[in-house]
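K.L.:
This structure is in structure tokens; I'll ask about it shortly.
The values are calculated or read from the model by the stated rules, or taken from the named source; none is laboratory data. No experiment lies behind these values; they were computed from the predicted model shown. Note: ideal-geometry Cβ built from the backbone for every residue, glycine included; neighbour counts use all protein chains shown.
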């Protein structure tokens, strides 16, 4: 059995205290549900000297609809609460309901899922396994065993909420010692499996904001080996807005779990605008959407299968919207 390393646990009662602790404790990390951090600590992938609990910070959870119709979701909101909330955007609630299992959704949080660490079959193993196979880039080595010639870590983004939130044009609010900033969810990620978040080490993700629907229809589709528990090995978030004639005026198609960061299939989106969601158009757009998808053999199931399923899942997502 893998045990947690020794660490100090503090539970501040205000956001200012959290920011101060992050500024003064260089090896500190924040935790809410802990469903991602604690397993990684057991595997010795991270060993923070101090863990800062966010459970007692007021205002970090809850779902509310603002005057302009936007939905603001606290980072500490449980995934189970988001999945069942009548105020949540349906596609985001759908994505939350597909995370892991009921037990984990009753502990895991919105902020935790948005910031969940990247994953790879070479690094998400026990310390003994990694020592026997040889350390990869993310584990302190000098080679990515999945793509040795690339020189960068290709561990995959494993968040379910991000593709749906990006499709819905969502934004996140970050608070740190330099004040607060609100950025598009897409800008929260970078294509580096070792350093996949643009959030500063001394910043806290406070909430997620989804703008008013204003006629947008959206959905989220997830591929995994089992129907529960497993991380995504492919995620597709899709959203469209149509005019009175049923022609698409705006489209977003977002892939998750096939690269270190979620990304949009912009060529496919452009091909969809000005056209109806007919069977022929969906087939054409799904084929275009697959072009930038280049999964690698670092998750469950094979890369060729996941590549093939990309067009299948885009098709299913667009049929949901049609």
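K.L.:
Can you give me the number of residues within the stretch 244-270 that are closer than 14 Å to residue 215 by Cα and in a loop (DSSP other than H, G, I, E, B)?
P.N.:
Summing the residues that are closer than 14 Å to residue 215 by Cα and in a loop (DSSP other than H, G, I, E, B) in the stretch 244-270 gives 3.
K.L.:
Yes or no: residue 143 in contact with a helix residue (DSSP H, G or I) (Cβ under 8 Å, 6 or more places away or on another chain), at pLDDT below 95 and either surrounded by 16 or more Cβ atoms within 10 Å (Cβ to Cβ) or in a loop (DSSP other than H, G, I, E, B) (or both)?
P.N.:
Taking the combined requirement at face value, the residue satisfies it.
K.L.:
Would the stretch 14-25 turn up any residue that is at pLDDT below 95, within 30 Å of residue 130 (Cα to Cα) and in a loop (DSSP other than H, G, I, E, B)?
P.N.:
yes
K.L.:
Follow-up. Within the stretch 273-285, track down each residue that is in a helix (DSSP H, G or I) and either under 22 Å from residue 124 (Cα atoms) or free of Cβ contacts under 8 Å to residues at least 40 places away in the same chain (or both).
P.N.:
Taking the stretch 273-285 and keeping what is in a helix (DSSP H, G or I), we get 279-285.
Once the filter is applied, which keeps residues that are in a helix (DSSP H, G or I) and either under 22 Å from residue 124 (Cα atoms) or free of Cβ contacts under 8 Å to residues at least 40 places away in the same chain (or both), the stretch 273-285 yields 279, 280, 281, 283, 284, 285.
K.L.:
Also, I was wondering about something else. Can you pull out the residues in the stretch 120-134 that are part of a helix (DSSP H, G or I) and out of contact with any helix residue (DSSP H, G or I) (no Cβ under 7 Å at 6 or more places or on another chain)? Break it down into steps so the answer makes sense when it comes.
P.N.:
Restricting attention to the stretch 120-134, the residues satisfying the condition of being part of a helix (DSSP H, G or I) are 127-133.
Correct list: 127, 128, 129, 131, 132, 133.
K.L.:
Does the stretch 16-30 hold any residues that are touching a residue at least 40 places away in the same chain (Cβ under 8 Å) and crowded, with 18+ Cβ neighbours inside 10 Å, and which are they?
P.N.:
Matches in the stretch 16-30: 18, 19, 22, 30.
K.L.:
Against the condition over 28 Å from residue 102 (Cα atoms), surrounded by fewer than 19 Cβ atoms within 10 Å (Cβ to Cβ) and in contact with a helix residue (DSSP H, G or I) (Cβ under 9 Å, 6 or more places away or on another chain), how does residue 322 come out, does it pass?
P.N.:
Values: over 28 Å from residue 102 (Cα atoms): yes; surrounded by fewer than 19 Cβ atoms within 10 Å (Cβ to Cβ): yes; in contact with a helix residue (DSSP H, G or I) (Cβ under 9 Å, 6 or more places away or on another chain): yes.
The answer is yes for residue 322.
K.L.:
Okay, moving on. Collect the residues in the stretch 146-185 that are surrounded by 14 or more Cβ atoms within 10 Å (Cβ to Cβ), in a strand (DSSP E or B) and in contact with a helix residue (DSSP H, G or I) (Cβ under 8 Å, 6 or more places away or on another chain), keeping them in residue-number order.
P.N.:
Matches in the stretch 146-185: 171, 172, 175, 176.
K.L.:
In addition: Which residue out of 234, 272, 208 is surrounded by 13 or more Cβ atoms within 10 Å (Cβ to Cβ) and closer than 30 Å to residue 56 by Cα? So that I can check it myself, show each step before the final result.
P.N.:
On the way: 234 fails: closer than 30 Å to residue 56 by Cα; 272 fails: closer than 30 Å to residue 56 by Cα.
The conditions single out 208.
K.L.:
Inspect the stretch 33-50 for any residue being in a helix (DSSP H, G or I), over 30 Å from residue 135 (Cβ atoms), under 16 Å from the mean Cα position of the chain (by Cα) and at pLDDT 95 or above and give the result as yes or no.
P.N.:
Keep residues of the stretch 33-50 that are in a helix (DSSP H, G or I), which gives 37-42.
Still in the list and also over 30 Å from residue 135 (Cβ atoms): none.
No, every residue in the stretch 33-50 fails to be in a helix (DSSP H, G or I), over 30 Å from residue 135 (Cβ atoms), under 16 Å from the mean Cα position of the chain (by Cα) and at pLDDT 95 or above.
K.L.:
Another question about this same structure. If you scan the stretch 286-306, which residues turn out to be part of a helix (DSSP H, G or I), touching a helix residue (DSSP H, G or I) at 6+ places or on another chain (Cβ under 7 Å) and closer than 14 Å to residue 146 by Cα?
P.N.:
none
K.L.:
Where in the stretch 64-114 are there helices (runs of 4 or more DSSP H), lying wholly inside it, with at least 3 residues that are at pLDDT 95 or above and surrounded by fewer than 24 Cβ atoms within 10 Å (Cβ to Cβ)? Don't jump to the end; show me each part of the working.
P.N.:
Details: elements: 79-84, 90-97, 102-105, 110-114.
Answer list for the stretch 64-114: 79-84, 90-97, 102-105.
K.L.:
Here is a further query. Here are some conditions: (1) without any contact (Cβ under 8 Å) to a residue 60 or more places away in the chain; (2) closer than 30 Å to residue 137 by Cα; (3) crowded, with 21+ Cβ neighbours inside 10 Å. Residue 310 meets all but one. Which one does it not meet?
P.N.:
It fails just one condition, (1).
K.L.:
Take residue 316 and tell me if it is surrounded by fewer than 21 Cβ atoms within 10 Å (Cβ to Cβ) and touching a strand residue (DSSP E or B) at 6+ places or on another chain (Cβ under 6 Å). Can you show your working first?
P.N.:
Details: surrounded by fewer than 21 Cβ atoms within 10 Å (Cβ to Cβ): yes; touching a strand residue (DSSP E or B) at 6+ places or on another chain (Cβ under 6 Å): yes.
So residue 316 passes the test.
K.L.:
Only one of these is more than 23 Å from residue 195 (Cβ to Cβ), surrounded by fewer than 19 Cβ atoms within 10 Å (Cβ to Cβ) and within 25 Å of the chain's Cα centre (by Cα): 265, 279, 287. Name it.
P.N.:
On the way: 265 fails: surrounded by fewer than 19 Cβ atoms within 10 Å (Cβ to Cβ); 279 fails: within 25 Å of the chain's Cα centre (by Cα).
Being more than 23 Å from residue 195 (Cβ to Cβ), surrounded by fewer than 19 Cβ atoms within 10 Å (Cβ to Cβ) and within 25 Å of the chain's Cα centre (by Cα) holds for just one of 265, 279, 287, which is 287.
K.L.:
Can you list residue pairs whose Cβ atoms sit under 6 Å apart, with the first residue in the stretch 104-120 being free of Cβ contacts under 8 Å to residues at least 40 places away in the same chain and the second being outside any strand (DSSP E or B) and surrounded by 24 or more Cβ atoms within 10 Å (Cβ to Cβ)? Count only pairs 6 or more apart in sequence or on different chains.
P.N.:
Listed by first residue and then by second, the contacts come to 105/79; 105/99.
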